[in-house]
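Quick notes on the structure that follows.
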Amino acid sequence: MTGLSPAPIRVLLADDHAIVRAGIRQFLEHTHDIQVVAEADDGEAAQTLIRTHLPDVAVLDIQMPKATGIEVTRWVRANLPRIGVLILTAYDDDPYILAVLQAGANGYVLKTASPSDLIQAVRDVYAGKSALDAAIAQKLIAHISSQNGTPVAEALTDRELEVLSLAAKGYTNKAIGVQLGISDRTVQGHLAHIFDKMQAGSRTEAVMRAVSLGWISQNVGNITEE
C-alpha cells in the first residue's frame, strides 16, 4: 500500500495583468506540488482572497491598483503572519527592494526569472526560507557594502534629492521653492514623483528610507507634512 502524496502548496496570484497571471499559473500548475487556488487583479481583492482561501504562499506584484504589493505584504504580516509572501515584479530599484523586505516579504523574484526559478522560490518560501533573485541579492550586497560610503541614488534625480534633503530639514514647500528658485507647484510635483519612486506615503517615510539608503544626511529635522 503506497502512502498518500503530500498536499500541494496552495498559491494565490495577484497581478493586474490577466495574461501575466495566466502564464504564471500555467507553468506553476504543471508541477505536481503546487496548486493555484485564487487570482486577484488588484491589492484589495488580494487581501480579500487571502483571508478567504488562506493560501500557503501569496505571489504578489508590486504595482497594483487599490493597494500595492508592499501594502498587501504589510497587511499579511499584521493579520496572517503564517502565510508566505513572494514578490514577483519587473522592478529592481533599490527603494522597492528595501521597502518590500522591510514590509516582511519572504522572497523577491524578477519577472525575467526562469519558470524553474520561480517554482523553486515558491517552494523555498513555503519551506520557510528566503528566496531572492540573484540580481536582487547582488543589489542587497552592494547596498550593505555601500553603508561606509555614499551609494548612488539611481532612482531619484539630482533635483529630487535636493528637494528631499530640504524636506528632511523641515522646510515647507514654499521654503524649498525659495531655496531652489522654483514654484510651490513644482516642489509638489517633485515630491509626488519621489513618493511614487520610493513607495512612500509621506515625507517622513520617504526621508527615513533615503537616510537608511545613505542618500541624504542623517541630520534630520522636524519634518513637516503639508
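Rule-based calculations on the coordinates, nothing more; no lab input. The model shown is predicted, which means the values in this text are computed figures rather than measured ones. No Cβ is skipped: glycine too gets one built from the backbone with ideal geometry, and neighbour counts run over all protein chains shown.
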Checking Leu49 against (1) closer than 19 Å to Leu118 by Cα; (2) surrounded by fewer than 20 Cβ atoms within 10 Å (Cβ to Cβ); (3) without any contact (Cβ under 8 Å) to a residue 40 or more places away in the chain, which test does it fail? (1)
If we ask which residues in region 85-96 are β-branched (Val, Ile, Thr) and crowded, with 23+ Cβ neighbours inside 10 Å, their number turns out to be 2
Among the residues of region 172-199, how many are part of a loop (DSSP other than H, G, I, E, B) and in contact (Cβ under 8 Å) with a residue 60 or more places away in the chain? 1
Could you list all residues from region 104-120 that are surrounded by fewer than 19 Cβ atoms within 10 Å (Cβ to Cβ), free of Cβ contacts under 8 Å to residues at least 60 places away in the same chain and outside any helix (DSSP H, G or I)? Gly104, Leu110, Thr112, Ala113, Ser114
